[in-house]
């Protein structure tokens, strides 16, 4: 039973409800989208829908045990983060001929980032692994940032993008840079000695709320704008 005074548990409940609402909204709004933007909105709805399911489970684990729902959280991330990478590829593939190798590079980097994070957190008493895997995860994240700001993905968007696709691409890469930065900050806060498991989960929950829903809102804004008629058709 969820204790209403448990602010961490309440955050799980609020975010699970928000993810359900966002999923419903994105699916309903597909009818307003043009052409291939419908696919992008479907993927956005899948991201929040999968997250909602996992947040229901994470809330129960926290309420019952008071322990971090680490496995459920990383399963959620392993499913939803690659889908967010798919969004980048969908935007670029709709405006230019994009090599599938770009998609796979981004996907592999995302998986490395997540697996490294899990291996670091699963046994936090091993400080060498905790911070070693943290460094590996950050390196993979930095590679993604490089690719979308200075690599092939960025060049395709700049050279071939329409107004709607450029706006979406630029907003999404800012989310990946600024929004995703909340996760390593939470990791540091939770394990550097000054934090605790409750604060760590609260930060992770906030990050998921901002990043998953904001990611979808960016896609929705582009998909339903007048400029979207010039691309993804």
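Does residue 136 meet the test of being out of contact with any helix residue (DSSP H, G or I) (no Cβ under 8 Å at 6 or more places or on another chain), more than 24 Å from residue 167 (Cβ to Cβ) and in a helix (DSSP H, G or I)?
Details: out of contact with any helix residue (DSSP H, G or I) (no Cβ under 8 Å at 6 or more places or on another chain): no; more than 24 Å from residue 167 (Cβ to Cβ): yes; in a helix (DSSP H, G or I): yes.
No, not satisfied.
Being surrounded by 14 or more Cβ atoms within 10 Å (Cβ to Cβ) and more than 17 Å from the chain's Cα centre (by Cα) is the filter; apply it to the stretch 3-13 and report the residue that is farthest from residue 47 (Cα to Cα). Walk me through it before giving the result.
Residues of the stretch 3-13 surrounded by 14 or more Cβ atoms within 10 Å (Cβ to Cβ): 6, 8-13.
From what's left, more than 17 Å from the chain's Cα centre (by Cα): 6, 8-11, 13.
Numbers: 6: 27, 8: 22, 9: 22, 10: 21, 11: 19, 13: 17 Å.
Among them, the one singled out is 6.
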Select from the stretch 195-209 the residues that are surrounded by fewer than 16 Cβ atoms within 10 Å (Cβ to Cβ) and outside any loop (DSSP other than H, G, I, E, B) and write down the one among them that is modelled with the lowest pLDDT. 199
Residue among 191, 183 that is at pLDDT 90 or above, buried (at least 17 other Cβ atoms within 10 Å of the Cβ) and more than 17 Å from the chain's Cα centre (by Cα): 191
For the stretch 65-105, give me the residue count where each residue is within 25 Å of residue 223 (Cβ to Cβ) and within 13 Å of the chain's Cα centre (by Cα). 12
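Would you check which residues across the stretch 140-151 are surrounded by fewer than 16 Cβ atoms within 10 Å (Cβ to Cβ) and touching a residue at least 12 places away in the same chain (Cβ under 8 Å) and list them?
Residues of the stretch 140-151 surrounded by fewer than 16 Cβ atoms within 10 Å (Cβ to Cβ): 142, 146, 149-150.
The one that is surrounded by fewer than 16 Cβ atoms within 10 Å (Cβ to Cβ) and touching a residue at least 12 places away in the same chain (Cβ under 8 Å): 149.
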Taking the stretch 221-233 on its own, how many of its residues are modelled with pLDDT of 65 or more and crowded, with 24+ Cβ neighbours inside 10 Å? 2
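Assess whether residue 131 counts as being over 23 Å from residue 107 (Cβ atoms) and at pLDDT 95 or above. Quick ask: steps written out before the conclusion?
Details: over 23 Å from residue 107 (Cβ atoms): yes; at pLDDT 95 or above: yes.
When the stated conditions are applied, residue 131 passes them.
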Tell me, yes or no, whether the stretch 144-159 has at least one residue that is closer than 19 Å to residue 40 by Cβ and over 20 Å from the mean Cα position of the chain (by Cα). yes
List the residue pairs whose Cβ atoms are under 7 Å apart, where the first residue sits in the stretch 1-13 and is free of Cβ contacts under 8 Å to residues at least 12 places away in the same chain, the second is in a helix (DSSP H, G or I) and surrounded by 11 or more Cβ atoms within 10 Å (Cβ to Cβ), and the two are 6 or more positions apart or on different chains. 4/10
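Residues in the stretch 152-168 that are free of Cβ contacts under 8 Å to residues at least 40 places away in the same chain and either outside any helix (DSSP H, G or I) or surrounded by 14 or more Cβ atoms within 10 Å (Cβ to Cβ) (or both): how many? It would help to see each step written out before you state the result.
As a first pass, look at the stretch 152-168 and keep what is free of Cβ contacts under 8 Å to residues at least 40 places away in the same chain: 154-155, 158, 166.
Subset that is either outside any helix (DSSP H, G or I) or surrounded by 14 or more Cβ atoms within 10 Å (Cβ to Cβ) (or both): 154, 166.
Qualifying residue count for the region: 2.
The values are calculated or read from the model by the stated rules, or taken from the named source; none is laboratory data. All values derive from a computational prediction rather than experimental measurement. Cβ: placed from backbone, ideal geometry, glycine included. Neighbour counts: every protein chain shown.
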